[in-house]
1. For region 57-115, what is the relative contact order in percent, using Cα pairs closer than 8 Å and at least 6 residues apart in sequence?
2. For helix 97-114, what angle does its Cα long axis make with the longest principal axis of the chain, in degrees from 0 to 90 and rounded to 10?
3. In region 30-72, whose amide N lies under 17 Å from the spot 7 Å out along Cα-to-Cβ of Thr18? List them in ranges.
4. Taking the Cα centre of region 11-114 as the origin and placing charges on Cβ (Lys, Arg +1; Asp, Glu -1), which of Gly70, Ile99, Thr21 is farthest toward the positive end of the dipole?
5. Roughly what angle does helix 74-91 make with the longest principal axis of the chain, taking Cα atoms, 0 to 90 degrees, to the nearest 10?
6. For Asp100 and Leu52 in one chain, what is 0.36 nm times their gap in residues minus the Cα-Cα distance, to one decimal in nm?
7. Given the -39500 (n - 2.57) contribution per DSSP H run of 4+ residues, what per-residue ellipticity at 222 nm results for the chain, rounded to the nearest 500 deg cm²/dmol?
8. Please determine, in degrees from 0 to 90 and to the nearest 10, the orientation of helix 35-44 with respect to the longest principal axis defined by the Cα atoms of the chain, where the helix direction is its Cα long axis.
Amino acid sequence: IYVFLAERVAPDLIPEITKETCRNWFYKIAIIRELLPRIFVEAAILQCYNFLSKNHYQTALIQLIKMCRGIADPLVAAFTRCYICRVGMAIDPTFREHIDSAFTDSLHCFYQVMK
């Protein structure tokens with residue numbers, strides 16, 4: 001039986017020191033200047049948002065998809081969007097808003113390339 005991470009960990013039960021360490025890591029990631037490494041590192045530890053709140057990862061997924069708009073190479077942007085969608089589906093398969101946004105952004109990107 002597959003159990004979602006959100007159902008296994010309650011943010012209320014997480015010690016405050018763990019939450020502070022988690023916030024510290026996300027702050028460190030936020031100061032990475034290069035866009036692509038920042039996106040991939042944040043996507044890699046996206047599950048840690050569950051230590052802070054139950055649904056904060058949903059906002060983070062949408063934000064990561066929007067950050068992909070800044071990637072100049074359309075193929076790299078498409079791969080990055082696919083990776084973020086894959087990570088999002090591993091965390092919560094019922095949340096699909098980031099997939100819709102990624103698909104729409106990919107269509108806009110490829111439309112610009114074909115124009």
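Each reported figure results from applying straightforward, stated rules to the coordinates on display, with no laboratory input. These figures come from a predicted structure and were not determined experimentally. Glycine also receives a Cβ, built like all others from the backbone with ideal geometry; neighbour counts cover every protein chain displayed.
1. Details: 32 pairs, mean separation 23.9, N = 59.
Value for region 57-115: 41 percent.
2. That works out to roughly 20 degrees.
3. Only 45-57 fall inside the zone, counting backbone N under 17 Å.
4. Going by the charge dipole, the pick is Gly70.
5. Its long axis makes an angle of about 30 degrees.
6. 14.7 nm
7. Working: 6 runs with 77 residues, N = 115.
For the chain, the value works out to -21000 deg cm²/dmol.
8. Around 40 degrees separate the two axes.
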